[in-house]
1. For residue 330, all conditions in the list (1) of a type in the set (A, V, I, L, M); (2) open to solvent by less than 20 Å² (accessible area, probe 1.4 Å); (3) over 17 Å from residue 89 (Cα atoms); (4) at pLDDT 90 or above hold save one; what is the number of the exception?
2. Would you mind telling me which numbered condition in (1) part of a loop (DSSP other than H, G, I, E, B); (2) at pLDDT 90 or above residue 273 fails?
3. Checking residue 369 against (1) modelled with pLDDT of 90 or more; (2) closer than 30 Å to residue 121 by Cα; (3) part of a loop (DSSP other than H, G, I, E, B), only one condition comes out false. Which one?
4. Just checking, how many residues over the range 423-447 are at pLDDT below 90 and β-branched (Val, Ile, Thr)?
5. Kindly list the number of the only condition in (1) farther than 26 Å from residue 136 by Cβ; (2) in contact with a Pro (Cβ under 9 Å, 6 or more places away or on another chain); (3) open to solvent by 20 Å² or more (accessible area, probe 1.4 Å) that fails for residue 322.
6. Restricting the search to the range 111-141, which residues are out of contact with any Leu (no Cβ under 7 Å at 6 or more places or on another chain) and of a type in the set (Ser, Thr, Tyr)?
7. Could you tell me which of the residues 354, 326 is within 30 Å of residue 313 (Cα to Cα) and assigned to a strand (DSSP E or B)?
8. Among the residues of the range 107-128 satisfying the criterion of being of a type in the set (D, E, K, R) and in contact with a Phe, Trp or Tyr (Cβ under 9 Å, 6 or more places away or on another chain), which is surrounded by the most Cβ atoms within 10 Å (Cβ to Cβ)?
Amino acid sequence: MKNEYILVFDQGTTSSKVFLFDRDAQVVAFHGTEFKQYTGQDISDQKSVSGWVEHDLDEIWSSSLKSLEQVLKSATVQGDFKISGIGITNQRETVGFWSRSTGAPLTRAIVWQDRRTAQWCHEQKLKGLETLVQDKSGLILDPYFSGSKIRWALDHVPAVGQAYQSDDLKLGTVDTWLLHRLTDGEGYCTDVTNASRTALLALRQPKFWDHDLCSAFGIHPNFLAKIQATSSHFGFTKNLPGVPDGVPITAMIGDQQSALLGQNAVHAGQGKCTYGTGAFLLVNTGEVVQKSQHRLLTTIAWDLGTGCRYALEGSSFMAGAVVQWFRDGLGLIKDAPEIEVLAKKVLDSGGVVFVPAFVGLGAPYWDPEVRAVIFGIERATTSAHLAHAALDGIVRSIDDVIQAMIADGADLRELSVDGGAVENSLLVQKQADVSGLRVVRSAESHATARGAALAAGIALGWWSEQSLPDLGSESVEFIPAISEELMRDGRAAWVNRIRQLR
């Protein structure tokens, strides 16, 4: 008898990973491949521009294929096996554009971190568009979301504008692009979670693109992908190297919602924070569409075939990306784990405060114009102090979101954390210290991919929302180790620095 597996494409901001999960939702094999980040300094056909971030859609696909090849090689060692279904999880607000007739990309994808539409968003706020966006989509009018990126490309990229006029344009978030390639151009769908990040979908009517929102952004809904439930049949593989034709794609889900599901947080009140390129805190609100009074986001958590569940979310745009910059931009470390070793050489940051607003401030400030600043450098400052300050900046940005969640009424006493950055124990301990919460590092180190596997398995009938496989018990707790007075003083000093930037 063949071993049955679910194949998951976990397409993130800096790498494309592929996983195989068994019927116990355990990882059998995985591999990740990094790909290039095109910033304002690397965009050859433009002058150097601040806040631009792009990805090459073909490089996203080629890196996914490289990871797939390695995973299939590993799987053959396990013996005879069958891929029963495929799940996709992806960086959410990044949007790409390709030709309906040829299937080829028309330009680079505009990444969720990209800030080029900040002025447009500001102008539309003055016209009152943000009220419509918040009331219907649960989002803020910010360059973060896909709608303004689509509008920009239609106006400023000739190939995209011409394809739009000639009805030769397909566009969508990265899940839609991956589906396009997995099905050899036959699939053109998205799921409710990714659709809810465009600012073009009304939360209470999630089956169709919203006419009012699409009209406000000047985007005809006929060009947008079909919206389906998270757990549903999106198409079948065709001409995918190493995989038979006809394997069903049975789940698509945005990465942060996927991590929430991957932590088995299926009940209202359960939450998590994932530290990837950015850091994202989500709390499940069940069937309730909870509107924030402190500029957090309301988003669709998933639809596993029984209707939409919702979540309250706060985002910090820079987390693991800060460590990546420390490595690649400053050259102070060779590998990401070295930042913890370096920071431990000193007791604290030596008065240095680092606000990592490389692409603006996320929740609860939503200020796209602010840029990263390091305060308090003096002659005695060392690279170890800077490393401490970098980790402090990551956790304090998340604490801003935590405090907004609490102000919105969330009963947060414990914070479950996952993602690559939480392997850094000093960072996790700092998160406990600055927030005053017990922080639990999950035993599930691949929560994002696991969520997509669960959603795919539910569509296949392997599991249900009420009977998911156990996570296991190998979690680690971090308890606050500083006084409440120090915690309050540190928070006040941080907030003061933020005020100086705005």
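1. (2)
2. (1)
3. Result: residue 369 fails condition (1) only.
4. 1
5. (3)
6. 117, 131
7. From the options 354, 326, the qualifying one is 354.
8. Top of the filtered list is 114.
The values are calculated or read from the model by the stated rules, or taken from the named source; none is laboratory data. Everything numeric in this text was worked out from a predicted model, so none of it was measured. Neighbour counts run over all protein chains shown; Cβ positions are idealised from the backbone, glycine included. The accessibility values were calculated without ligands, DNA or RNA, using every heavy atom of the protein model including side chains. Shrake-Rupley method; radii C 1.70, N 1.55, O 1.52, S 1.80 Å.
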